[in-house]
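The values are calculated or read from the model by the stated rules, or taken from the named source; none is laboratory data. A quick note: this is a predicted structure, and the numbers were derived from the prediction, not measured. Cβ: placed from backbone, ideal geometry, glycine included. Neighbour counts: every protein chain shown. These accessible areas exclude ligands, DNA and RNA; they are computed on the full protein's heavy atoms, side chains included. Shrake-Rupley method; radii C 1.70, N 1.55, O 1.52, S 1.80 Å.
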Amino acid sequence: MDAFLNWFFAFITTMFSGIWQGIKSFFLGIIHIFDFGIYFGLFSKYQSGFGVGGWILAVLSLILVYAFWLGLVFLLVLGIRRFFRYRASLAVNEDLLDEISVLQKEVARLTKEKECIIGLKTGGTAGDEGTAGADGDADDATETHHGELLGATDLSATDKAQTGEPRFYRLAAVDEKYTNFVPPVYEDEGVTLTDLCEDLRNYACSSSHLYYEIKTIRLMIAGLASTKMILLQGISGTGKTSLPYVMGKYFENGATIASVQPSWRDRSELFGFFNEFTKKFNETEVLRRIYESAYTDDINIIVLDEMNIARVEYYFAEMLSILEMPDPEEWKIQLVPSVWPNDPVLLTDGKLKIPQNVWYIGTANNDDSTFAVSDKVYDRAFVINLDSKGVPFDAPETKARRISYHCVEALYRKAVQEHPVSDETLGKIEKLDNYVIEHFRVAFGNRIMKQLKVFVPVYIACGGDETEGLDYLLATKVFRKFESLNLGLIRDEIKGLINFLDATFGKDRMTECIAFLRRLQKSY
């Protein structure tokens, strides 16, 4: 045994001696590397034989060698710091994961309690009270109900449908409002589009101190004839929201203003959504207004204020598609997939038909806080630029006038029949179309031509001029597309286009188009 102990002692001693020698040699090596005294001695010994080249090489050698060692030390320190930071981040992440786990458990517990409470209120309160009364023990009744909670929750939707509780509260209220509805008396007699524009302008001035040029009012009324969607854009403070608001007042059917939020992503922000938990449809004011419009012949205006603070082509995508359908009977949106006996009267198979007497007017500010309006929206909407504040003027006292939708539509049809775009003008448009295709690779398109053949006649009926209406439509519908082209490549072509417009339509007749094209030239 003594021999083993002696061997083990000698073995351990030798091992630790080797470890100590290794550590000692490592530090002695470090000390030896940075022993500047030895280096100065060596330098003194050999420097007498250095020439100019030797001195230069000696200095460079010293710099390179010590730069290498300093770089190595720096990388070592940096690696150690990153290691400790990584370890610290792991510790923080582990703490966060623990907190998340605790919160998830708490949420699950609270959700379970909420389900129990909802189940007590909706699925078996009455039955439980009866059981409690019969047995004389309310606690036993509650305990029994908890055991049947899941079944009660699943049956809540059916129970509500059978008991007559509506899932569309606002729409049900509209149905009740119009149960014994007596249609109003409309003041349609003797209305002309020219008088309508003048009266609307004077009403805005006399009632609200809002001052609009007569051209702006004509553009609005004629734009409503060509599309169901108007886009008012321009600098802040020019009365973009006020214009549709005062129009609603003038027609004695106030506009519904929906303030668009940056978080809007889909149609549920516009119409609402069905809550599977409460079995209720969360209706918006926009949905209520669209639904109520079907009961009357009023002119209805829905304003999407700050329309481009979110992406229009996201939350308004379904409406953009529906409003393009040629058959108004197909203008339907699916609100719910199933049918309840007490659903609103005007819902068919869970679908709502969009009435014709509703116009959608969006306002847009073009700044860094908003999204750019896409071509898809521009092509479908009629754009009105409000870039200057109104100039005050005196107007006679003008009263509001309740005009029916069918009266306005009849005036639109009459204008198209009486003031069709002349063949001469259509020929000029065709030449312009060919010129633009050849030089800019941009075409008018069928949608623009369709809107043009309605807008221009109505604009004339409102008191405007054919060339003036055509000029505005081409500037906002066709030449606006040039903004997406490479302005550096088309700059010279723009000058030729301006000359072509003067030669085809008359010198300085196409003022809106030429002004827009010159702005494009200056912007490059």
### Query
Is there a residue being in contact (Cβ under 8 Å) with a residue 60 or more places away in the chain, crowded, with 21+ Cβ neighbours inside 10 Å and of a type in the set (Phe, Trp, Tyr) anywhere in segment 294-305?
no
### Query
If you check every pair at least six apart or on different chains, which have Cβ atoms under 6 Å apart with a residue in segment 349-371 that is closer than 30 Å to Val336 by Cβ first and a residue that is small (Gly, Ala, Ser) and crowded, with 17+ Cβ neighbours inside 10 Å second?
Pro355/Ser293; Pro355/Ala294; Asn357/Ser293; Val358/Ser293
## Note on the structure
The condition from (1) surrounded by 16 or more Cβ atoms within 10 Å (Cβ to Cβ); (2) in a loop (DSSP other than H, G, I, E, B) that Val182 misses is numbered (1)
### Query
For segment 332-345, how many residues meet the condition of being surrounded by fewer than 18 Cβ atoms within 10 Å (Cβ to Cβ), in contact (Cβ under 8 Å) with a residue 12 or more places away in the chain and over 23 Å from Val260 (Cα atoms)?
6
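This table checks each residue for (1) without any contact (Cβ under 8 Å) to a residue 40 or more places away in the chain; (2) part of a helix (DSSP H, G or I); (3) in contact with a Lys or Arg (Cβ under 8 Å, 6 or more places away or on another chain).
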position: Asp188; (1), (2), (3): no, no, no
position: Thr194; (1), (2), (3): no, yes, no
position: Leu200; (1), (2), (3): no, yes, no
position: Cys205; (1), (2), (3): no, yes, no
position: Tyr212; (1), (2), (3): no, no, yes
position: Ala222; (1), (2), (3): no, yes, no
position: Ile230; (1), (2), (3): no, no, no
### Message
Condition check: without any contact (Cβ under 8 Å) to a residue 24 or more places away in the chain and of a type in the set (A, V, I, L, M, F, W, C). Does Ile514 satisfy that?
### Response
yes
### Gly390, sole failed condition from (1) exposed (fewer than 13 other Cβ atoms within 10 Å of the Cβ); (2) more than 18 Å from Leu224 (Cα to Cα)
(1)
### Message
Conditions first: (1) in contact (Cβ under 8 Å) with a residue 40 or more places away in the chain; (2) of a type outside the set (Asp, Glu); (3) open to solvent by 50 Å² or more (accessible area, probe 1.4 Å); (4) in contact with a strand residue (DSSP E or B) (Cβ under 8 Å, 6 or more places away or on another chain). Lys431 passes all but one, so which condition is the exception?
### Response
(4)
### Query
Which pairs have Cβ atoms under 9 Å, sit 6 or more apart or on different chains, and link a residue in segment 244-255 that is part of a helix (DSSP H, G or I) to one that is open to solvent by less than 30 Å² (accessible area, probe 1.4 Å) and of a type in the set (S, T, N, Q)?
Pro244/Thr363; Gly248/Thr256; Gly248/Asn300; Tyr250/Thr398
#### Entry: Residue among Val416, Val421 that alone is open to solvent by less than 30 Å² (accessible area, probe 1.4 Å), of a type in the set (A, V, I, L, M, F, W, C), in contact with a helix residue (DSSP H, G or I) (Cβ under 8 Å, 6 or more places away or on another chain) and at pLDDT 90 or above
Val421
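Do we have Phe505 as touching a strand residue (DSSP E or B) at 6+ places or on another chain (Cβ under 8 Å), of a type in the set (Phe, Trp, Tyr) and touching a residue at least 60 places away in the same chain (Cβ under 8 Å) here? Quick ask: steps written out before the conclusion?
Values: touching a strand residue (DSSP E or B) at 6+ places or on another chain (Cβ under 8 Å): no; of a type in the set (Phe, Trp, Tyr): yes; touching a residue at least 60 places away in the same chain (Cβ under 8 Å): yes.
No; evaluated as a whole, the condition is false for this residue.
Among the listed residues Thr284, Thr216, identify the single one that is without any contact (Cβ under 8 Å) to a residue 40 or more places away in the chain and either out of contact with any strand residue (DSSP E or B) (no Cβ under 6 Å at 6 or more places or on another chain) or surrounded by fewer than 21 Cβ atoms within 10 Å (Cβ to Cβ) (or both).
Thr284
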### Selected residue (criterion: surrounded by the fewest Cβ atoms within 10 Å (Cβ to Cβ)) from residues of segment 491-524 that are part of a helix (DSSP H, G or I) and acidic (Asp, Glu)
Asp492
### Message
Can you tell me which residue is farthest from Thr296 (Cα to Cα) among those in segment 267-279 that are touching a helix residue (DSSP H, G or I) at 6+ places or on another chain (Cβ under 6 Å) and in a loop (DSSP other than H, G, I, E, B)?
### Response
Lys279
